Amino acid sequence: MSGTTVPAAGDGPEEDTADGDQRMIAERSVTDWWSTAVSEIQPGVIRLRGYPVEELIGRVTFAEQIWLMLRGELPTPGQGRLLEAALVAAVDHGPQAPSIAAARMAATCGVGLNSAVATGAGLLGDVHGGAGQQCMEVLQRVVDGEEAAAIVAEYRRRRAYVPGFGHRFHPRDPRRDPLLALVREAAHAGEVPGRALEAGLALEAALAEGRVRPVPMNIDGATAIIYAELGFPSELGRGLFVLSRSVGILAHAWEETQSGARIKGPLPRPLLAGYHGVPKRHPDRTQSGPVRGEG
């Protein structure tokens with residue numbers, strides 16, 4: 001018929017639908033590469049765990065926002081208070097702390113503030129910054145039924161420190177009592193189980209057995225109890241400590257950038273690092289053996 005177009009093979013609606021489905025499958029194979037349940041971003045839209053960000057701004061605290069991002073739901077008021085208390089308590093411990101000292105030194109070397117903070121945070125490892133996570137693991141052993149005294153004896157046999165107890169500087173860490181008081185209140189109100197608190201106190205009592213001076217809990221132990229009571233896994237316990245201490249690292253790095261100092265090392269300039277190598281010596285090419293030192 002004149003003026004009538006006969007569809008070519010493969011141009012029908014069924015083929016268009018199939019092509020669209022294939023394109024959608026191909027697109028999803030790319031967009032799902034970083035698929036996430038944490039945030040949804042579209043033009044004009046930011047949703048965090050399903051909540052429009054504009055409905056969170058001004059309505060939740062930063063600690064509650066941290067909980068939401070990590071756990072997927074908003075905390076109860078009691079849970080939010082405990083988390084905030086732990087974060088506040090661990091923000092700083094002075095420029096003698098290696099992470100903060102490193103950040104301050106980096107800040108005098110011409111790097112950006114972000115690099116100075118990253119330098120400090122990068123030093124938070126198993127020895128400096130990891131005791132909270134390790135303490136959470138020990139607390140769980142007690143909660144699971146092991147005797148606190150047996151665990152303490154095990155550490156003493158290995159000549160190792162029980163993580164979360166004792167302090168090289170404070171006879172009694174001033175952050176212990178207010179944090180544990182908050183946990184007691186929360187346990188009494190039924191907001192947390194109280195089992196990690198009981199485990200921590202049992203370990204503290206076992207450490208004091210046979211000693212003239214007790215070995216009280218430190219900030220790592222107190223915050224470990226809070227994070228365990230709130231149901232965080234031990235790895236996140238360390239992550240939350242890093243998040244908290246990053247605030248102090250940032251403050252110290254910023255202060256150092258304002259001082260105008262340049263290339264500050266670990267010792268004041270009039271002082272030099274000690275030396276314990278071989279004494280002064282000179283190369284002697286006439287001898288075949290090692291070069292001897294003077295004196």
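Residue by residue, here is whether (1) outside any helix (DSSP H, G or I); (2) open to solvent by less than 70 Å² (accessible area, probe 1.4 Å); (3) within 27 Å of Arg176 (Cα to Cα); (4) of a type in the set (Asp, Glu) holds:
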site	(1), (2), (3), (4)
Ile66	no, yes, yes, no
Leu74	yes, yes, yes, no
Gly78	no, yes, yes, no
Ala86	no, yes, yes, no
His93	yes, yes, yes, no
Ala116	no, yes, no, no
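Go through Glu191, Glu147 for me and flag whichever is more than 23 Å from Pro95 (Cα to Cα) and touching a Leu at 6+ places or on another chain (Cβ under 9 Å).
The match here is Glu191.
Filter region 16-58 down to the residues that are assigned to a loop (DSSP other than H, G, I, E, B) and exposed (fewer than 11 other Cβ atoms within 10 Å of the Cβ) and list them by number.
Selection gives Ser35, Thr36, Ala37, Pro43, Gly44, Ile57, Gly58.
If a residue has to be assigned to a loop (DSSP other than H, G, I, E, B) and open to solvent by less than 40 Å² (accessible area, probe 1.4 Å) to count, how many in region 190-199 make the cut?
Looking only at that region, the number is 2.
Under 9 Å between Cβ atoms, which residue pairs at least 6 apart in sequence (or on different chains) link something in region 253-276 that is open to solvent by 100 Å² or more (accessible area, probe 1.4 Å) with a partner that is part of a loop (DSSP other than H, G, I, E, B) and among the polar types (S, T, N, Q)?
From residues that are open to solvent by 100 Å² or more (accessible area, probe 1.4 Å), the pairs are Arg262/Thr108; Ile263/Thr108.
Could you count how many residues in region 213-232 are farther than 17 Å from Asp92 by Cα, in a helix (DSSP H, G or I) and open to solvent by less than 10 Å² (accessible area, probe 1.4 Å)?
3
Which of the residues belonging to region 15-66 are in contact with a helix residue (DSSP H, G or I) (Cβ under 6 Å, 6 or more places away or on another chain) and of a type outside the set (A, V, I, L, M)?
Those that are in contact with a helix residue (DSSP H, G or I) (Cβ under 6 Å, 6 or more places away or on another chain) and of a type outside the set (A, V, I, L, M): Arg49, Glu64.
Look through Ala202, Ala187 and report the one residue that is outside any loop (DSSP other than H, G, I, E, B) and more than 15 Å from Met136 (Cα to Cα).
Answer to the check: Ala187.
With in contact (Cβ under 8 Å) with a residue 40 or more places away in the chain and of a type in the set (A, V, I, L, M) as the only criterion, which of Val38, Val53, Val45, Val88 stands out?
That would be Val88, the only listed residue that is in contact (Cβ under 8 Å) with a residue 40 or more places away in the chain and of a type in the set (A, V, I, L, M).
The values are calculated or read from the model by the stated rules, or taken from the named source; none is laboratory data. Because the structure is predicted, anything quoted here is derived from the model rather than measured. A quick note on method: Cβ atoms are made from the backbone with ideal geometry, for glycine too, and the neighbour counts reach across all protein chains shown. Accessible surface is based on the protein model in full, side chains and every heavy atom, while ligands, DNA and RNA are left aside. Shrake-Rupley method; radii C 1.70, N 1.55, O 1.52, S 1.80 Å.
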